Amino acid sequence: MSAAIRLQSVEPDTVTTAPAAANTPIAPEPKVSLASRIAAGLVAAGKAALPPTIGLSVLVGVWALVSTFSDYLPGPGATFLAAVELFSHPFYINGPNDMGIGWNVLKSLGRVALGFGLAALVGIPLGFLLGRFSLLSKAFNPVISLLRPVSPLAWLPIGLAVFKAADPAAIFVIFICSIWPMILNTAMGVAALPQDYMNVARVLQLSEWKIFTKILLPATVPYVLTGAKLALGIAWLVIVASEMLTGGVGIGFWVWDEWNNLNMSHIIIAIIVIGSVGLALEAGMGKLAQRFDYRHQ
């Protein structure tokens with residue numbers, strides 16, 4: 001009886017406090033002026049840019065110091081002046097093997113696009129098959145383990161022997177060196193799929209095509225794009241070495257040609273251009289991978 005009395009005494013308080021809380025006026029948020037937002041953005045950008053600026057300053061300082069002890073290595077100032085002159089006409093053509101640095105970079109990017117695209121067309125489906133069927137994985141894993149560590153330059157004679165031309169041989173080297181990350185990452189993504197997903201597919205009696213389009217592909221997209229990002233970096237790394245040996249037009253051949261001319265300023269400029277293009281490719285692929293990664297959404 002006493003418990004019932006206590007419950008009856010509590011109920012009115014519960015009923016009356018809820019409307020009171022709902023009717024409590026909410027204090028308006030203080031308005032932030034546009035100038036304050038711009039100032040805060042500039043401060044944040046400055047804090048983000050400070051560490052890379054320090055690192056680059058140290059690099060340029062070391063470069064300037066080393067150049068004072070060498071008769072052949074130009075300093076940052078001389079290289080900057082050479083870069084201004086070089087980039088004032090990046091797309092000149094004086095002959096089939098004498099083109100501006102812009103044409104050489106575009107030619108190399110075209111080879112990378114072809115080799116990387118072919119590697120994606122072959123490597124990603126093969127990775128799905130190896131991850132999906134254990135028999136195929138056991139059959140091809142020794143082959144992949146054997147061929148994956150081979151140096152890119154070791155593949156070049158094979159490409160020249162098969163294709164009998166420098167351009168397709170360079171594309172073949174890019175293809176064979178960038179295919180492994182896509183195969184392995186795709187197969188890893190399929191193998192990491194929770195077994196419950198496949199149990200559901202088995203219960204629903206889904207076809208292999210339905211399993212691929214509805215389960216495997218959406219779940220493994222982050223792994224596939226991570227493999228593509230690694231493969232793209234390798235492709236850009238390989239093109240310079242292969243073009244040095246095959247000749248023609250391309251940033252690798254341009255570096256070798258400038259070395260024969262003992263033009264060290266242009267070689268340093270080429271190194272900066274190669275690094276900048278590689279950084280841009282990696283950042284672009286990273287953004288694409290993040291866009292389709294469900295774990296970041």
Of VAL238, VAL162, LEU136, farthest towards positive along the dipole that unit charges on Lys, Arg, Asp, Glu beta carbons give the chain: LEU136
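Considering Cα pairs under 8 angstrom that are at least six residues apart, work out the relative contact order of the stretch 147-234 and quote it in whole percent. Kindly include the intermediate steps, with their values, before the conclusion.
On the way: 63 pairs, mean separation 31.8, N = 88.
Normalised by residue count, the contact order of the stretch 147-234 is 36 percent.
To the nearest 500 deg cm²/dmol, what mean residue ellipticity at 222 nm is calculated for the chain from DSSP H runs of n ≥ 4 alone, each contributing -39,500 (n - 2.57), summed and divided by the residues?
Numbers: 12 runs with 232 residues, N = 297.
One gets -27000 deg cm²/dmol as the mean residue ellipticity at 222 nm.
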Anchor LYS47: lysines whose Cα lies under 23 Å away (excluding residues fewer than 8 positions away in-chain): LYS287
Å² of accessible area per residue within the chain, as computed with a 1.4 Å probe and no ligands counted: 63
Among 184-195, 280-291, the order from most to least packed when residues are scored by Cβ within 10 Å on average: 184-195, 280-291
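Can you give the charge dipole size of the chain about its Cα centre, rounded to the nearest 20 debye, using +1 on the beta carbon of Lys and Arg and -1 on the beta carbon of Asp and Glu? Let's see the in-between values first.
Values: 17 positive and 14 negative charges, 187 e Å.
Roughly 900 debye for the chain.
Carbon and sulfur: what percent of the stretch 184-297's accessible surface (1.4 Å probe)?
Working: 4110 of 6290 Å².
Carbon-and-sulfur percentage of accessible area, whole number: 65.
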Accessible carbon and sulfur surface of the stretch 37-84 relative to its total accessible area, %, 1.4 Å: 79
Highest average packing first - 44-54, 232-242, 269-279, 107-117, Cβ atoms within 10 Å: 232-242, 107-117, 269-279, 44-54
Sorted peptide list for 124-135, 164-175, 68-79, criterion being average Cβ within 10 angstrom, highest first: 164-175, 124-135, 68-79
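The values are calculated or read from the model by the stated rules, or taken from the named source; none is laboratory data. Owing to the predicted nature of the structure, the values given are computational and were not obtained by experimental measurement. Glycine also receives a Cβ, built like all others from the backbone with ideal geometry; neighbour counts cover every protein chain displayed. Heads up: the accessible areas ignore ligands, DNA and RNA and are worked out on the full protein's heavy atoms, side chains in. Shrake-Rupley method; radii C 1.70, N 1.55, O 1.52, S 1.80 Å.
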